[in-house]
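Taking it in order: structure first as structure tokens, then the write-up.
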Amino acid sequence: MEIKNVTIAGGGVLGAQIAYAAAFHGFNVTIWGRSEGSIERVKPRIDSIYNMYTKELAIAPTYIGSENPNYPRSFFADKSEITEARIDELKAKNEAVYANMKYSTDLEEAVKDADLVIEAIAEIVEEKKAFYEKMAPFLKDDAIIVTNSSTLLPSTFREYTGREDKFLSLHFANNIHRQNLAEVMRHDRTSDESFEAVVQFAKDIGMYPAIINKEQPGYILNSILVPLINAGLKLYGDDIASPEDIDMDWKIGTGSPRGPFEIIDIVGITTVINITSANPEAKDPNSALGKAVAKLKERADKGLKGIETGEGFYKYK
């Protein structure tokens, strides 16, 4: 199956990035939001991504001829592609994408012509189920649905989609134009055709498709990342150390570029709250993880949600 028309359901931190990357690589993209308020919250994210791409392309000429350039991997498949002509082509694409991004609050209108729907709504099981049931009657027979869920398994939702064989997971890492990872995970009823089409789509938008052949909670990335974040949160919840010292301890001791609280700021505190709250240990308010979730909620209520709001555990303004 050839994918041309792509609808992104949800324009949060990752949804907006996915939409922009897909449009940047030549797909017809529509962002669907539940309300006009949702759409208005998406637009500043699109503004930020446009500005980020503009800055990346402005410095791209400095990579030409460099032996080991640190270039955005989703822009150029290989350093040999970094030429003045290619950079000018991408600059023109960036302007066109920004000027022509499509938004809709009408679900039927947004998905009726979609070859691929990427669901990127909140990590709340019942909300996802309700969304799939509502959307199912509007889809073309051959449309594929993927979930960008960071922890939930596709088999949890397949019966609600009306197309079990055309449903699977496509999970992106954050900052996807540079950290160009897309985890493609099938369930046991996903068709080979759908799986292969999604793998090809990931390649076509400049991602490295990490293929997961059977369901794994946490996929690959979060199977490793979530325990790290939880370990940091437990230390924070029990007041063992400050977020700054936890991060520095991890970075200095391992050589890693970021600590758990810097990662939380990138992912966004709302997503971390949703994921962590589902952990049985966090349901006990007296546990270290339960106390950490309470602290996170206090910060979220103050608007300290991470990079997107300009301040989380660190300031970004």
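Brief remarks on what is shown
- Residue-by-residue Karplus 3J(HN,Hα) for segment 193-205, coefficients 6.51, -1.76, 1.60, Hz, glycine and proline x: 4, 5, 4, 5, 5, 6, 4, 5, 4, 4, 5, 5, 9
- One Cα centroid belongs to segment 76-115, the other to segment 45-63; the line between them spans 13 Å.
- Extension gain, SER242 to ASP165, is 23.0 nm, computed as 0.36 nm per intervening residue step minus the present C-alpha separation.
- Straight-line reach from LYS317: taking Cα to Cα under 17 Å and skipping same-chain neighbours fewer than 8 places apart, the aspartates and glutamates in range are ASP47, GLU262, ASP265, GLU308.
- Pairs of Cα atoms nearer than 8 Å and 6+ residues apart set the relative contact order; for the chain it is 15 percent.
- Structure-derived percent of Cα pairs over 35 Å apart - corresponding label in (1) 34; (2) 21; (3) 30: (2)
- Accessible area expressed per residue, segment 224-307, with surrounding protein chains retained (probe 1.4 Å, Å²): 51
- For the peptides 75-82, 14-21, the ranking by packing is 14-21, 75-82, with the highest mean count of neighbouring Cβ atoms within 10 Å listed first.
- Solvent-free Debye calculation, one equal scatterer per alpha-carbon of segment 202-317: log10 I(q)/I(0) at 0.12, 0.16, 0.20, 0.23 Å⁻¹ equals -0.47, -0.80, -1.13, -1.33.
- Centre-to-centre separation between the Cα atoms of segment 239-317 and those of segment 185-232: 24 Å.
- FRET efficiency, 1/(1 + (r/R0)^6) with R0 35 Å, evaluated for SER256 and LYS317 via beta carbons: 0.90
- Cross-link pairs beyond the 29 Å C-alpha cut-off, checked among LYS79/LYS112; LYS102/LYS203; LYS4/LYS91; LYS4/LYS214; LYS43/LYS112: LYS79/LYS112
- Given their separation in residues at 0.36 nm each and the Cα-Cα distance between them, LYS214 and ALA96 gain 38.6 nm when the chain is fully extended.
The values are calculated or read from the model by the stated rules, or taken from the named source; none is laboratory data. Since the structure is predicted, the reported quantities are computational estimates derived from the model, not experimental observations. Virtual Cβ from ideal backbone geometry, glycine too; neighbours counted across all protein chains shown. All accessible areas refer to the heavy atoms of the entire protein, side chains included, with ligands and DNA or RNA removed. Shrake-Rupley method; radii C 1.70, N 1.55, O 1.52, S 1.80 Å.
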